[in-house]
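Reviewing the structure listed below.
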Amino acid sequence: MTQESDPRLTESFYDTVRSASDVLIGTHLNPDGDAIGSALAVSLWLDGLGIPNEVLCHNLPPSYLEFLPSSDRLSQSPRRKGHDLAISVDLDSLDRLGSVRPWIESVPRLILVDHHIPHEMPGDLRIVDPSSPSTASILTDLFARLEPRPGATFTPGMATCLLTGLVTDTGGFRFPNTTAGSLHHAAFLVERGASLSQVMDECYLNKDEQSVRMLALALGDMKMSSDMRLAWVVLRPEWFERLGAGDEHTEGIVNEILSVRTVEAAFVIRAGKNGKVKGSLRSKGTIDVAKIAQSIGGGGHKNAAGVTLEDTLERAERTIYSHLVEALESR
Ligand SMILES: [Mn+2]
C-alpha cells in the first residue's frame, strides 16, 4: 500500500485541516503546472470547507498557467497574520519555497503533500508518495476519498487545477510515470468537469515567442557525446539578452534533446542568479538522474531532476557531463 492511500493519513489530514482557522498554502519557486495546480486545488477545497486561506509562491504564475481558476489569488507575500496551519505542496525541501519560506516556517503546524524522493522531510504530517506521477494525483485521491464529508466538495475548478498538474508532470501523458492509475485519475477529473483539450491547449499551444526562439538557438548548439548516448546544451547568457528571455523560456528544451533516438541522458544548463548555475537533467529508462542531482546539489525524480551549482558555466558543464558519462558507462 502506498503511503498516500493509508486511510489513517487521510483521516489525520482531514482532522488537522478541520481544526485550522486560517491556512497558508505554499509551493516551490519557478512553479510548474503541478505546483500551482496543486496549490490552487487545495485553496479551492478549503473554500468549500469555509476555511480562510492564502496561497504563496516566490514567483507569480507563468502566463500559460494564468487560465487556472483563481490563479489571481497567488501572492508573493501574505496579506494577513495569524495562520495556524501551513500546507506545502510539490516540494520536499523548504529551501525550494524561496522568498516565502519564512512565512511558511513561522506557522505552527505544517502538512506536506509531495511526490519527490524524500530529502529533508519537513512537515508534521507528511503525505508523500514518490511513486505518484504528480502531487495533483495524490490530492485527487485524497479529495475524492474525503468527498462524503460535509463541505468537502470536489468542484470543476479543482478538477481543472489537478488535471493541469497531472498533465504537465507526465509531459502530456508521454513520460514513463504515466500509468493506468494516472489515466484513471485523468478520466475522473474530466468526469468532474475538467476539459482535457483546454488544459492541453493552454499548456502546449501557448508559448511565448522567446521560448521557441530559445529552443531554436539551443538545438542549433546541441552537443553530443561520440557514442551519441548523451546530449547537452549550454544556454548562453547572450541568448537571454538578445531575446529578452528569462528562465521561463527554457522549459522543455531538455526534453527536446532527449528525443534523439540514441540519446539516453540529456542536460541543459544556464547561468542563474548570484553566480549560480541551474541545470535540468533527463534520462530514459533505468538511468537515475535524481541520484546524480542529489550528489552534486539538487534533486528530483529518477528520469527528471534539477541541480543548482555554485560554479562557472564551463565547470558546471564538465561536472554534470562526467557524472552522466559515468552513469552511462556503468550500465
Ligand atoms: Mn510535481
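Taken over the range 127-181, the criterion of being polar (S, T, N, Q), more than 16 Å from the ligand (Cβ to nearest atom) and not in a helix (DSSP H, G or I) is satisfied by T153, T155.
Taken together, R174, R261, R242 contain a single residue that is out of contact with any helix residue (DSSP H, G or I) (no Cβ under 8 Å at 6 or more places or on another chain), modelled with pLDDT under 95 and exposed (fewer than 15 other Cβ atoms within 10 Å of the Cβ), which is R174.
Quick check on R126: is it at pLDDT 95 or above, surrounded by fewer than 24 Cβ atoms within 10 Å (Cβ to Cβ) and touching a Pro at 6+ places or on another chain (Cβ under 9 Å)? Considered against the rule, which asks whether it is at pLDDT 95 or above, surrounded by fewer than 24 Cβ atoms within 10 Å (Cβ to Cβ) and touching a Pro at 6+ places or on another chain (Cβ under 9 Å), R126 comes out as yes.
The combined condition, being without any contact (Cβ under 8 Å) to a residue 60 or more places away in the chain and either crowded, with 18+ Cβ neighbours inside 10 Å or of a type outside the set (G, A, S) (or both), is not fulfilled by P69. Taking the conditions (1) within 16 Å of the ligand (Cβ to nearest atom); (2) in contact with a Lys or Arg (Cβ under 8 Å, 6 or more places away or on another chain); (3) assigned to a helix (DSSP H, G or I) in turn, L29 satisfies each one other than (3). Set side by side, the residues I111, I87, I104 differ, and just one is in a strand (DSSP E or B), modelled with pLDDT of 95 or more, in contact with a helix residue (DSSP H, G or I) (Cβ under 9 Å, 6 or more places away or on another chain) and more than 16 Å from the ligand (Cβ to nearest atom), which is I111.
Note on the range 32-43: residues that are more than 10 Å from the ligand (Cβ to nearest atom) and either buried (at least 24 other Cβ atoms within 10 Å of the Cβ) or not assigned by TED's automatic domain parsing to the domain that holds D169 (or both) total 5. When D72 is tested against (1) farther than 23 Å from D141 by Cβ; (2) touching a strand residue (DSSP E or B) at 6+ places or on another chain (Cβ under 9 Å); (3) among the acidic types (D, E), only condition (2) is not met. Taken over the range 4-26, residues that are within 16 Å of the ligand (Cβ to nearest atom) and more than 15 Å from I87 (Cα to Cα) amount to 1.
For the criterion of being in contact with a strand residue (DSSP E or B) (Cβ under 6 Å, 6 or more places away or on another chain) and either surrounded by fewer than 24 Cβ atoms within 10 Å (Cβ to Cβ) or without any contact (Cβ under 8 Å) to a residue 24 or more places away in the chain (or both), L29 fails.
Of all residue pairs spaced 6 or more apart or on separate chains, those with beta-carbon atoms under 8 Å, a first member in the range 111-138 that is under 17 Å from L97 (Cβ atoms) and a second member that is among the aromatic types (F, W, Y) and more than 12 Å from the ligand (Cβ to nearest atom) are I111/F13.
Would you confirm, using the coordinates I've provided, whether H58 is in contact with a Ser or Thr (Cβ under 6 Å, 6 or more places away or on another chain), farther than 26 Å from G181 by Cβ and modelled with pLDDT of 95 or more? Here the answer is yes, as H58 does meet what is asked. Take S12 and tell me if it is among the small types (G, A, S), assigned by TED's automatic domain parsing to the domain that holds L142 and not in a helix (DSSP H, G or I). Criteria not met by S12.
The values are calculated or read from the model by the stated rules, or taken from the named source; none is laboratory data. If you're wondering where the values come from, they're calculated on a predicted model, not measured in any experiment. Note that each Cβ is placed from the backbone with ideal geometry, even for glycine, and that neighbours are counted across all protein chains shown.
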